[in-house]
Amino acid sequence: MPAFPFSLNDPIQHHGPLPKISDVVIIGGGVIGVSAALFLAKRKISVTLIEKGRIAAEQSSRNWGWIRKQGRDADELPIVIEACRLWQELAAECGEDIGLNRTGVTYLANSDKQMAGFESFMKLASAYDLDTRLLDSGQTASLFKGMSRRFAGSMTTPSDMRAEPWLAVPALARLAARLGVTIIENCAARTLDLSSGKVSGVWTEAGRIETSTVLVAGGAWSSLFLRNHGVSIPQLAVRATVAATEPMAEIHAGAAAGADVAFRRRQDGGYTLAPGSHRLYLGPDAFRHATKYLPALVAHPFGTRYSPAAPEFYPDSWSTPRSWTADAESPFERMRVLNPAPEQSSLDAISRNFKRLFPQFQTVRLKATWAGMIDAMPDIVPIVDRVEAVTGLFVATGMSGHGFGIGPGIGRVVSDLIQGNAIGHNLNRFRLSRFTDGSRIRPGPAI
Ligand SMILES: Cc1cc2nc3c(=O)[nH]c(=O)nc-3n(C[C@H](O)[C@H](O)[C@H](O)COP(=O)(O)OP(=O)(O)OC[C@H]3O[C@@H](n4cnc5c(N)ncnc54)[C@H](O)[C@@H]3O)c2cc1C
């Protein structure tokens, strides 16, 4: 069975060459780095984006493809509303079919208590005039063809969208390249070149680029990269398993999640299925930051399972070096693409649970299975900020399991942050110093 929706053996699309100088260097070719590059290029700023493996080969292509306003943290919501508009504009601009559709997102509730839990988002939805509404048990049943189970009800947002991540982010990267961004795949950033507390360049495995401005958008690798320069962020990553079915009859055009299975219809007529839990490998960072994660653990106790150690070369493996220099191979070159194995027990459970929910399907045939490492912060919202201690260094990371949908919004925001322009949103919740300034950690909605 194919392990992934697109082949990592396909030829590299973006070769560079490495420029000597660039206004901005972006480290990481996921949805965040690519979107930020796009918006900077639209302002005629010279941008070099370096990616250690392939554009979108990590989380940004492995995700479920949900673009949702529903269930968002209050401070993320205005940015994701903007992102939904930007997705539509960018889809038109890139001139490729990225599978963008307004087919809605629905959360299924097992109990009245869970229904009551939706109330706080309903207040937010009403403040932002969203089309989110609560459905009773009968209305919920009528949204899905042949659903065997009666839920207590649901919360649904018909204007929420879906897209095919493995088409969308590479398409945005091609658009960025057409706008003048230099993209170089298979090129790891090893270290920053710093002079008197300021960024003066980036050392990559292919040489140095002179620059005064760097954006770290390295997904699950950001914390490792930054720590080598004395910048600590309490970021961890969890493994999440996903499966894609063969095309099958349509039971619902959008995306929905219940306690034991989440599903989304894809453009090819299959469903992308996933379980309701993920796995954390316990490494040095997990222990170092454990106390910061206690509030999230208390708020969402059942979502995470644990393993004692990550495989070799993962960002938080016990054997991964925590410091290195520019002149030797770095941990980023040792793991070009973080490609975790999917968990067989989760695959069995999601096929079984989907079939139980829709018994009209005699069999649920999987055409691909994979997993991704989701990078998360203790309060389940990202860091989008400048690093005060290092002039010229910016960070946009820790998207905490929902960075695909909000990606273009964060890209636009961070591009204006870098330029010193008005942002249009309050970024206080996403500041780097919240983990060190004595603030209480306030978890947002679960991953
Ligand atoms: C299974 C799964 C399901 C998800 N479902 C959804 C969903 O439905 N909706 C949603 O909104 N979000 C979802 N997410 C989350 C979403 O995919 C991520 O939040 C988002 O893709 C993060 O984007 P990013 O650009 O920050 O990181 P990434 O996509 O991980 O990109 C970071 C890139 O940086 C590169 N890199 C790192 N270090 C270096 C270096 N030193 N030099 C060069 N390159 C480097 C990496 O190779 C990588 O390609 C899901 C995630 C997973 C794994």
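The values are calculated or read from the model by the stated rules, or taken from the named source; none is laboratory data. Since we're looking at a predicted model, the values are computed, not measured. Quick reminder, even Gly has a Cβ in these numbers, built from the backbone with ideal geometry, and neighbours come from all protein chains shown. Please note that ligands, DNA and RNA were not included when accessible areas were found on the heavy atoms of the full protein model with its side chains. Shrake-Rupley method; radii C 1.70, N 1.55, O 1.52, S 1.80 Å.
Computed quantities for the displayed model
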item: Degrees, to the nearest 10: 77-94 long Cα axis against longest axis of the chain; result: 80 degrees
item: Mean-position separation - Cα centroids, region 124-202 and region 205-230, in angstrom; result: 24 Å
item: Computed E for K198/D10 - FRET, C-beta separation, R0 35 angstrom, nearest 0.05; result: 0.35
item: Protection proxy ranking of 266-273, 303-310, 51-58 - average other beta-carbon atoms within 10 Å, highest first; result: 51-58, 266-273, 303-310
item: Relative contact order (%) - region 172-322, alpha-carbon pairs under 8 angstrom, separation at least six; result: 15 percent
item: Positive-end extreme of charge dipole, region 105-158 - chosen from S111, T132, S148 (charges on Cβ); result: S148
item: Under 26 Å from the Cα of K52 - lysines, other chains or at least 8 residues apart; result: K20, K42, K44, K198
item: Percent accessible area from carbon and sulfur atoms, the chain, protein chains only, probe 1.4 Å; result: 53 percent
item: Loop-located trypsin sites (Lys or Arg not before Pro) in region 111-196, at most 16 other Cβ atoms within 10 Å (DSSP); result: K145, R149, R150
item: Mean Cβ count within 10 Å, highest first, over the residues of peptides 4-16, 228-240, 86-98; result: 228-240, 86-98, 4-16
item: Computed E for A290/K367 - FRET, C-beta separation, R0 22 angstrom, nearest 0.05; result: 0.05
item: Chain lengthening between N110 and R133 when straightened (0.36 nm per residue, less Cα-Cα); result: 6.6 nm
item: Cα-centre dipole for the chain with unit charges at Cβ (Lys and Arg positive, Asp and Glu negative), debye to 20; result: 620 debye
item: Mean separation of Cα contacts under 8 Å (6+ apart) over length of the chain, as relative contact order %; result: 24 percent
item: Contact order normalised by residue count of region 105-158, Cα under 8 Å, 6+ apart, percent; result: 54 percent
item: Acute angle (nearest 10 degrees) that the helix 403-419 long axis makes with the longest principal axis of the chain, alpha-carbon atoms; result: 30 degrees
item: Leading residue at positive end of dipole, region 1-125 (Cβ point charges), from I12, P78, A41; result: A41
item: Mean Cβ neighbour count within 10 Å, used as a protection proxy, ranking 376-386, 208-218 highest first; result: 376-386, 208-218
item: Rounded to 10°, Cα long-axis angle of helix 31-42 versus longest principal axis of the chain; result: 60 degrees
